[in-house]
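The structure under discussion appears below in the form of C-alpha cells.
The values are calculated or read from the model by the stated rules, or taken from the named source; none is laboratory data. All values derive from a computational prediction rather than experimental measurement. Ideal geometry is used to build each Cβ from the backbone, glycine not excepted, and the neighbour counts take in all protein chains shown. Note: areas computed on protein heavy atoms with side chains; ligands, DNA, RNA excluded. Shrake-Rupley method; radii C 1.70, N 1.55, O 1.52, S 1.80 Å.
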Amino acid sequence: MCQHQPPCPAADSADRESARLVAHHPEQGWSLLCNGVVLFEDTGELLPDGRCIAPQRTRGATRAMTTP
C-alpha cells in the first residue's frame, strides 16, 4: 500500500501510528494513515483487516477528565 521511501510501518507493526497521514478529518474525529490504519481522536484504531484496537488512555488522563 505505501509508496514512500523508506516505507511506512505496516499496519500490524508496533509503530504503525508513525505512518504518514493520507486523510485528516478532525471535525469527524478520525485520520487515515497510508498503511490503511484509521486513527480516532480517542486513541482507538481500526486496522485494515477489520480488527479494532481499544483506546489507550493513561490513568492520569482519565482521572484528569473526570475530576471537576
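A few comments on the model shown:
- Where a residue in region 1-28 is part of a loop (DSSP other than H, G, I, E, B) and its partner, wherever it lies, is among the hydroxyl-bearing types (Ser, Thr, Tyr) and open to solvent by less than 90 Å² (accessible area, probe 1.4 Å), with Cβ under 8 Å and at least six apart: 8/18; 9/18
- Residue, farthest from residue 7 (Cα to Cα), within region 23-37, restricted to residues that are surrounded by 16 or more Cβ atoms within 10 Å (Cβ to Cβ) and not polar (S, T, N, Q): 30
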